[in-house]
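Visitor: For reference, the structure I am asking about is given below.
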Amino acid sequence: MNNLQSSPSSEALIQGLNAPQREAVLTTDGPVLMLAGAGTGKTAALTARLAFLVQNRLAWPSEILCVTFTNRAAREMRERVGQLIGPAVEGMPWLGTFHSIAAKMLRRHAELVGLQSNYTIIDTDDQLRLLKQLIVAEGVDEKRWPARQLAGCIDRWKNRGLNPQDLDAGESEAYANGKGQKFYQLYQDRLKAVNACDFGDLLLHMLNILRTNREVLEQYQSRFKYVMVDEYQDTNQVQYLWLRLLAQGRQNICVVGDDDQSIYSWRGAEVANILRFEKDFPGAKVIRLEQNYRSTPQILAAASGLIDENTQRLGKTLWTERHAGDKVRIIGVWDGPEEARRVGDEIERLEREGAPLDQIAILVRAQYQTREFEDRFISIGMKYRIVGGFRFYERAEIRDALAYLRVISQPADDLAFERIYNTPKRGLGAKALEGIHRLARQQGIPLSRAAIEIADTDELPARARNTFLSLMRDFARWRDLSGTETPANLLRVVMDECGYTDALQAEKTAEAAGRLENLAELARAMEEYETLGDFLEHVSLVMDNENAADEDKVTIMTMHAAKGLEFDNVFLPGWEEGVFPSQRALDEGGLASLEEERRLAYVAITRARRKCTILHAANRRIYGQWTSSIPSRFIAELPEDHVESETTLTGGASLWRAQWSEHADPFADVARNQPSRITTRGPGWQRAAAQEYDPKPKRVAESSRSAASFAAKPRTDISLGARVFHEKFGYGTVAAQEGNKLEIDFEHSGRKRVIDSFVKPA
């Protein structure tokens, strides 16, 4: 591997770069892994390297393949390179996203996969429509096996580079009891019949072409003298295989990434791709960019100490020449509302000290967490923006739920009725709505009243009339309940009985799980109001609060959405077991997910330039009941020399730090015995929202089976008086036993009722 010395004409390109950045630019022969930590100037090094190759005529612009993940990143890359080399950047047709480059290649070779060059790329709506047609044609119940679930399966298979014939029986079981492979093949056949493909096909088709057509592969290997890839840690399997084939010829591949910032496994990214780069390309040079230009030494040291707990990483040590700055603050509060009040108070103090609001961010693990802060900021007049998503009350599922409640409260609310008359799907189409609109105009009555009237006529088909009648009976019953049930319980009943919850649960997707979390948070918000009218009035005030777009505002966003951004002051609320790390992630992915959650914590901390504040609450209110929680294990893993704790809770953070340290081995033992599921339990509401959300209040009469028929057999290795260990509550003594339920007196948490499978003998 050679390092090319810079010429006087290209010296300006590397002026201002530090030594590792210069090395990355000048190392032009052979494979290079630019391991770029957070805030270390990787974009500057990457663009300088690209410009250096062109300016020194090591390759024509058209002989360089430069791949990014987003169109915005591609535009920024093109603009920055253009500033360095001028009009020559216009001759770079192969600078773009994975999908745009693959689409350009596929246009040239479409016939090799049974397509014509003018193929259509279908969007998500068209994909779902096509899948629904196939599901209906095959006689499968679409309500039980939604098209969206099948689309998710197909997307995952394509991200892994799997064709229909590559699926084994286990993969095929993911949909309709083993029919996944059949539907995947039917879908692909249908796409080819209409000369179309989806976004996943762009890379999968090109991978198939490169694998089966040696001439095409050699053509591209010869064309591309250099391959450069940004954010390599975020590549999925099909992207990785595609890149590896293209680069195996000349081996002049330079990838830029940070294994410590791989946080997108839920959309197919595999951190293993960057971890095995040196094995894929023997002799690769690893250049570590470790000088951070963003954060203070205290913030970097705290983040570095945390990420050191991960085992699957290449390793690096970030440093900076900036002054030490403040330690990372850890604040313990009593409950969620106090957490929002405390953050609001801190931001008001920063604003008085002259800090601009647009340099303040609140980063949450899940979208439902924004609701508490939005309500608080509305009450104190704090300007804010939601980035990477909708404001809480503007999200589709929340608007749907509110529309049901508005019709219950005010039957004449035609706008609300029109939103949900066929949500979830009831088989009521546009013609049915047109019919009740016509009747409503003729008689001067609301749509909900017209729906009742039309059920006694022949204006609509019998099925539509009966559906409207059933819906209006439901609304009448819910209206009666609104006088006796709390607003929160009313919401749970309505969402269950209208089928909305079942529809989301049937999707079995991360998006649907997030929407269920939001509905659970909406119910929690309603617990603070005595009447439905009071709550709806509050929502109206919140929705009416719109500020001018050009005003400074506090940014509220998820940690995932914050990657690549930076702020002077960052607040990280909700660092509690079950919230962060997410219990759903741990349940689904075990230790691998735990390490990704820790990487997400590292990303969140390193968004801060000057000050970083972490908060955790001792209690969360769930369905009117308070649930205790413990601080996130990540707090215990932060190096003590670089954090300062502030809490009025008994024992403080040091107590939980000691407990997490004491129980590290038992946790690891559980994880080793059950690699796919970690049984540490966070707040019950998190699990309920994530995968067991049932908004209907439990009533014994609802089940025809006795409670005894559901009872599990008690464990024989645990008896009264036994000393046991629980991952959440710690050590305790069994005080009572009923079936598989135990009442345990815990040393630090008092008496709790738990399931015996969640404890182990001490």
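The values are calculated or read from the model by the stated rules, or taken from the named source; none is laboratory data. The structure displayed is predicted, hence computed values, not measured ones. Heads up, the Cβs are rebuilt from the backbone with ideal geometry, glycines too, and the neighbour counts pull from every protein chain shown. All accessible areas refer to the heavy atoms of the entire protein, side chains included, with ligands and DNA or RNA removed. Shrake-Rupley method; radii C 1.70, N 1.55, O 1.52, S 1.80 Å.
Visitor: Pick from Gln21, Gln55: which is at pLDDT 95 or above and either assigned by the TED database to the domain that holds Leu217 or β-branched (Val, Ile, Thr) (or both)? Before the answer, list the steps.
Guide: Working: Gln55 fails: at pLDDT 95 or above.
Checking each option against the conditions leaves just Gln21.
Visitor: Any idea which residue in segment 484-501 is modelled with the highest pLDDT, counting only those that are crowded, with 19+ Cβ neighbours inside 10 Å and assigned to a loop (DSSP other than H, G, I, E, B)?
Guide: Per the criteria, the residue is Cys498.
Visitor: Can you tell me which residue within segment 199-235, out of those that are outside any helix (DSSP H, G or I) and open to solvent by less than 10 Å² (accessible area, probe 1.4 Å), is nearest to Ser265 (Cα to Cα)? Talk me through it step by step, then tell me what you get.
Guide: First pass over segment 199-235, keeping only residues outside any helix (DSSP H, G or I): 213, 224-231, 235.
Of the ones still in play, those that are also open to solvent by less than 10 Å² (accessible area, probe 1.4 Å) are 224, 227-229, 235.
Working: Phe224: 29, Val227: 24, Met228: 22, Val229: 18, Thr235: 9 Å.
Per the criteria, the residue is Thr235.
Visitor: Hey, could you check segment 314-359 for residues that are touching a Gly at 6+ places or on another chain (Cβ under 9 Å) and in a loop (DSSP other than H, G, I, E, B) and say which is nearest to Ala604 (Cα to Cα)? Quick ask: steps written out before the conclusion?
Guide: The initial filter retains those residues of segment 314-359 that are touching a Gly at 6+ places or on another chain (Cβ under 9 Å), namely 316-318, 320, 332, 336, 339.
Among the residues that remain, those that are also in a loop (DSSP other than H, G, I, E, B) are: 316-318, 320.
Numbers: Lys316: 18, Thr317: 17, Leu318: 15, Thr320: 18 Å.
Selected residue: Leu318.
Visitor: Scan (1) within 28 Å of the chain's Cα centre (by Cα); (2) more than 30 Å from Thr320 (Cβ to Cβ); (3) buried (at least 20 other Cβ atoms within 10 Å of the Cβ); (4) touching a residue at least 60 places away in the same chain (Cβ under 8 Å) for the single condition Met34 breaks and write down its number.
Guide: Here Met34 clears every test but (2).
Visitor: Something else about it: Name the residues in segment 355-377 that are more than 21 Å from Val579 (Cα to Cα) and either open to solvent by less than 40 Å² (accessible area, probe 1.4 Å) or not assigned by the TED database to the domain that holds Lys563 (or both), would you? Quick ask: steps written out before the conclusion?
Guide: To start, the set of residues in segment 355-377 that are more than 21 Å from Val579 (Cα to Cα) comprises 355-360, 377.
Across segment 355-377, the qualifying residues are Ala355, Leu357, Ile360, Phe377.
Visitor: Quick one: is Ala403 open to solvent by less than 20 Å² (accessible area, probe 1.4 Å) and without any contact (Cβ under 8 Å) to a residue 24 or more places away in the chain? Working first, answer last.
Guide: On the way: open to solvent by less than 20 Å² (accessible area, probe 1.4 Å): yes; without any contact (Cβ under 8 Å) to a residue 24 or more places away in the chain: yes.
Taking the combined requirement at face value, the residue satisfies it.
Visitor: A further question follows. Filtering segment 14-31 down to residues that are small (Gly, Ala, Ser) and free of Cβ contacts under 8 Å to residues at least 40 places away in the same chain, which residue is nearest to Asn273 (Cα to Cα)? Spell out how you get there, then give the answer.
Guide: Step one: of segment 14-31, the residues small (Gly, Ala, Ser) are 16, 19, 24, 30.
Filter again for free of Cβ contacts under 8 Å to residues at least 40 places away in the same chain, leaving 16, 19.
Numbers: Gly16: 31, Ala19: 26 Å.
Restricting to residues being small (Gly, Ala, Ser) and free of Cβ contacts under 8 Å to residues at least 40 places away in the same chain, the top hit is Ala19.
Conditions (1) outside the structural domain of Phe98 (by the TED database); (2) touching a residue at least 24 places away in the same chain (Cβ under 8 Å); (3) crowded, with 20+ Cβ neighbours inside 10 Å; (4) under 23 Å from Arg599 (Cβ atoms), marked per residue:
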| residue | (1), (2), (3), (4) |
| --- | --- |
| Leu241 | no, yes, no, no |
| Arg244 | no, yes, no, no |
| Ala269 | no, yes, yes, yes |
| Asn273 | no, yes, yes, yes |
| Arg276 | no, no, no, yes |
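Visitor: Also: How do the pairs read when you match residues in segment 736-748 that are within 21 Å of Ala618 (Cα to Cα) with residues anywhere that are open to solvent by 30 Å² or more (accessible area, probe 1.4 Å) and among the polar types (S, T, N, Q), using Cβ under 7 Å and keeping only pairs 6 or more apart or on different chains?
Guide: Listed pairs, sorted by first residue: Ile744/Thr733; Asp745/Thr733.
Visitor: Something else now. If Pro424 meets every condition in (1) surrounded by 17 or more Cβ atoms within 10 Å (Cβ to Cβ); (2) touching a residue at least 40 places away in the same chain (Cβ under 8 Å) apart from one, which number is that one?
Guide: All conditions pass for Pro424, except number (1).
Visitor: Give segment 134-170 a look and list any residue that's within 27 Å of the chain's Cα centre (by Cα), open to solvent by 30 Å² or more (accessible area, probe 1.4 Å) and over 15 Å from Lys508 (Cβ atoms), or say none.
Guide: Of everything in segment 134-170, those that are within 27 Å of the chain's Cα centre (by Cα), open to solvent by 30 Å² or more (accessible area, probe 1.4 Å) and over 15 Å from Lys508 (Cβ atoms) turn out to be Arg160, Leu162, Gly170.
Visitor: If I filter segment 302-313 down to residues being assigned to a loop (DSSP other than H, G, I, E, B) and in contact with an Asp or Glu (Cβ under 8 Å, 6 or more places away or on another chain), which single residue comes out as modelled with the lowest pLDDT?
Guide: So the first thing to find is which residues in segment 302-313 are assigned to a loop (DSSP other than H, G, I, E, B), and the list is 308-313.
From what's left, in contact with an Asp or Glu (Cβ under 8 Å, 6 or more places away or on another chain): 309-313.
Details: Glu309: 96, Asn310: 96, Thr311: 93, Gln312: 90, Arg313: 93.
Among those that are assigned to a loop (DSSP other than H, G, I, E, B) and in contact with an Asp or Glu (Cβ under 8 Å, 6 or more places away or on another chain), it is Gln312.
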